[in-house]
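Read through the structure below, which is laid out as structure tokens, and then see the notes.
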Amino acid sequence: MPNNYIPFIIAYFVLPVLSISMLLIFIRLFKGPSLMDKVVALDLLAIVAIGSFSAYAILYNKPIIIDIALIIALIAFLSTIAFAYYYEKADKEISKSEDENSEK
């Protein structure tokens, strides 16, 4: 396949698929039954945004946009780690209070 087909593949296949997946992820983000579902949906939304920025950078030959995608990836990673830390901390406090109540 020659290189001149790559922009057509990105424009007519990759970006529409990423757009549809973003729509489905937003539905999960707003309807998620638990907080963990919403956090996973938000993390997945960041991953799809990274893919969209990367496809846009390839399509329009703008490599500076890859830097934006890397910044989004770093922020998404750090926010997931922070949420996991605070979720674990809250879970330990809940189990600790349940243990104290059961001893009484």
Take the alpha carbon atoms of segment 66-91, find their center, do the same for segment 1-61, and report the distance between the two centers in whole angstrom.
18
Which of Ile25, Ile94, Ile47 moves the most in a Gaussian network model of the chain with Cα springs under 10 Å?
Ile94
Give me Met36, Met22 ranked fewest to most by other Cβ atoms within 10 Å of their Cβ, as a rough exposure proxy.
Met36, Met22
Express in nm, to one decimal, how much length is gained between Ser19 and Tyr87 on full extension, taking 0.36 nm for each residue of separation and deducting their alpha carbon distance.
21.4 nm
Which three semi-axes in whole Å describe the equivalent ellipsoid of the chain, each the square root of 5 times a Cα gyration tensor eigenvalue, listed largest first?
41, 15, 8
Taking only DSSP H segments of four or more residues, each worth -39500 (n - 2.57), what value at 222 nm results for the chain once the sum is divided by all its residues, to the nearest 500 deg cm²/dmol?
-29000 deg cm²/dmol
Give me Lys62, Lys38 ranked fewest to most by other Cβ atoms within 10 Å of their Cβ, as a rough exposure proxy.
Lys62, Lys38
Using the alpha-carbon atoms, what tilt in degrees (0 to 90, nearest 10) does helix 64-103 show relative to the longest principal axis of the chain?
10
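Taken together, the values in this text are just the output of simple stated rules run on the coordinates, not laboratory data. In this text, all values refer to a predicted model and were calculated from it rather than measured experimentally. A quick note on method: Cβ atoms are made from the backbone with ideal geometry, for glycine too, and the neighbour counts reach across all protein chains shown.
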